[in-house]
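Bear in mind these aren't lab numbers, they're just calculated from the coordinates by the rules spelled out. All figures in this text were calculated on a predicted structure; none of them were measured in a lab. FYI the Cβ positions are ideal-geometry reconstructions off the backbone, even for glycines, and counts take in every protein chain you see.
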Amino acid sequence: MSVSKKFSNSQVFSGGAVDYHTMSPSLFLLWLLTLPLLPFCAQASVPPLGYYLDCGGSKEVTVDDLKYVSDGSYIKVGSTSPINKPGLLPILSTVRYFPDASARKYCYSLPVIKGSKYMVKTMYYYGGFDGGKEPPVFDQIVEGTRWSVVNTTEDYAKGLSSYFDITVVPAGKTLSVCLARNSHTGSSNPFISALEVKILEASLYNPIDFAKHALVTVSRSVFGGEHIIRFPDDKFNRMWQPYKDQNPVVASQSNVTSSDFWNLPPVKAFNTGVTTSRGKTLEIDWPSMSLPSTYYYISLYFQDNRQQSPFSWRVFDVSINGHLFFSNLNATAKGVTVYAAQWPLSGQTKISLTPTAGTPVGPVINAGEIYQILPLGGRTHTRDVIGMEDLARSIQNPPADWSGDPCLPKGNSWTGVTCTNGFHARVTTLNLTNAGLGGTLPPTLDNLSALSHLWLGGNKLTGTIPDLNGLKDLETLHLEKNNFEGPLPPSIGKLPKLREIYSDFQGEAKEK
């Protein structure tokens, strides 16, 4: 059985300046490259629980034994378009795109289990759906956090699609995944090809504090491999990309047990490894891209590739960029993993495996994962979320971007909504004057206890005005030119800071 160990926090080095920039691993497009024939036993594998959405699609499609359904039940905005290129994967043959430039974001909303761990994967293949030559550039958002910039131009020029992974723990019973315009989007339209949201087992990627951070996938590789490893070999459909360099490749002579490892890597990740001669240091420049200066979660996997015997062991030190990561690692035939939950990286990365004296063979490494530790941007206070979501359901024709987090990220709040700064944002202003709204006001509008200004004039709202006794900070109230049934609730006259009221029940405007 393998032994999993972590790096001591006392040895973490300063990461310097932070530039949050996310890399996008590439996914081959064509059936011949992405769908090798699967053995019969793989057909019985159980897909990981979650959502598999074919964005813009109208019927169920199957890829790698995973069934993708139309995304229409999980998003209320956007248009769809086919990609007219032969040989594409079914999930890349349609897109959902978002032409409404007035909306601050475009959100999928998916029911989830509060407090559980989820891996979100977004996939993009432009295909010239809008008649252009280069893909649009835009932001993607998870919950209240701006996750990354989506720029698939380089991958698309190489004939590749792009995917992005992030691991999060939702604070509520729904999880929102959104796209948004940025300064580079221009007149083009954000789009998406496919979306996966999969629940993970509790042991994965601990001890990250997911109440404050998310993990953004930088690289997940099998050293010496020939093909991408995914479902059904990886039960969570994580993509393990092959990585080769000048080092010799070895094949394993014995299998490991995935459940022996906290992160449950696929058994096939140990089928190959890279090594070097006895007494030499094995050096690997991985990942190949230059990394922004910040902290990362790193997990490395090792297995002696020889048959199990009293001599099937290798002992070596593991260093990253010249700093000791783990000393006297004993890589046996049963396999071992070592990880650091917070390790600073910047620029190019070099992994060095230095054998100890007397070790009969050179070091070996089979696989590795690197995730950028992304501080969460915060979220709207729960009571405000309840009030705003109830309002969105009660009114007719709400603004198109009224989905996802009401306040965050900053610059992508719901239309008409202004909020406080801070990790737990509060709604302070709600201005939907002349917004063409119908419907009624819910009683949970009273939840917005930090609200200073409530302006709903010039709409077609009906019903009675709910009790607003909880709005102790309310200063101005505009309800005029609607179809409300009177009178105003008595609680309005008792609000201590209210100085201005406009309503159809009073004729002229009144000031306190």
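For the reader, a short list of remarks on this structure follows.
- With respect to the chain, whose longest principal axis is taken over its alpha-carbon atoms, helix 382-394 is tilted by about 60°.
- Listed by chain and number, the lysines placed with their C-alpha closer than 17 angstrom to that of Lys497 are Lys472, Lys510, Lys512; residues fewer than eight positions away on the same chain are left out.
- Nearby lysines by direct alpha-carbon distance to Lys114 (threshold 26 angstrom, same-chain neighbours under 8 apart not counted): Lys67, Lys76, Lys105, Lys173, Lys198, Lys212, Lys235, Lys410
- Qualifying aspartates and glutamates (Cα of each under 16 Å from Cα of Lys158; at least 8 residues distant if same chain): Glu134
- Projected label distance in nm at Gln246 and Asn431, using a 7 Å step from Cα toward the beta-carbon: 6.3
- For the pair Met289 and His227, a Förster radius of 25 Å applied to the C-beta separation gives a FRET efficiency near 0.75, rounded to the nearest 0.05.
- Remark: region 38-200 carries a charge dipole of roughly 400 debye about the Cα centre, counting +1 on each Lys and Arg Cβ and -1 on each Asp and Glu Cβ.
- For region 379-511, size of Cβ-based charge dipole, Lys and Arg +1, Asp and Glu -1, in debye: 260
- Placing unit charges on the Cβ atoms of the charged side chains and taking the dipole of the chain about its Cα centre, the candidate lying farthest along the positive direction among Leu329, Pro292, Thr382 is Leu329.
- Most to least packed among 361-370, 278-287, 217-226 [average Cβ atoms within 10 Å]: 361-370, 217-226, 278-287
- Candidates per chymotrypsin sites (Phe, Trp or Tyr not before Pro) in region 309-370, loop by DSSP, up to 11 other Cβ within 10 Å: Phe311
- Lys67-Val267 FRET efficiency (beta carbon distance; Förster radius 35 Å; 0.05 resolution): 0.90
- Computed magnitude of the charge dipole of the chain (debye, nearest 20; Cβ of K, R +1, Cβ of D, E -1): 700
- Taking every DSSP helix (H) stretch of at least 4 residues in the chain, weighting each as -39,500 (n - 2.57) and dividing the sum by the residue count yields a mean residue ellipticity at 222 nm of -1000 deg cm²/dmol.
- Placing a pseudo-label 7 Å from each Cα along the Cα-to-Cβ vector at Ser327 and Thr464 gives an inter-label distance of 7.5 nm.
- Cα centroid separation - region 392-455 against region 222-300, whole Å: 47
- Cβ crowding within 10 Å averaged over residues, with 466-472, 235-241 ranked highest first: 235-241, 466-472
- Among the chymotrypsin sites (Phe, Trp or Tyr not before Pro) in region 407-472, those located in a DSSP loop and surrounded by at most 14 other Cβ atoms within 10 Å of their own Cβ are Phe423.
- Globularity index of the chain, i.e. its alpha-carbon radius of gyration over 2.2 N^0.38 Å: 1.14
- Loop-located trypsin sites (Lys or Arg not before Pro) in region 55-101 whose Cβ has at most 13 other Cβ within 10 Å (DSSP): Lys59
- Computed on the Cα atoms alone, the convex hull of region 38-200 gives a volume of 121 cubic angstrom per residue.
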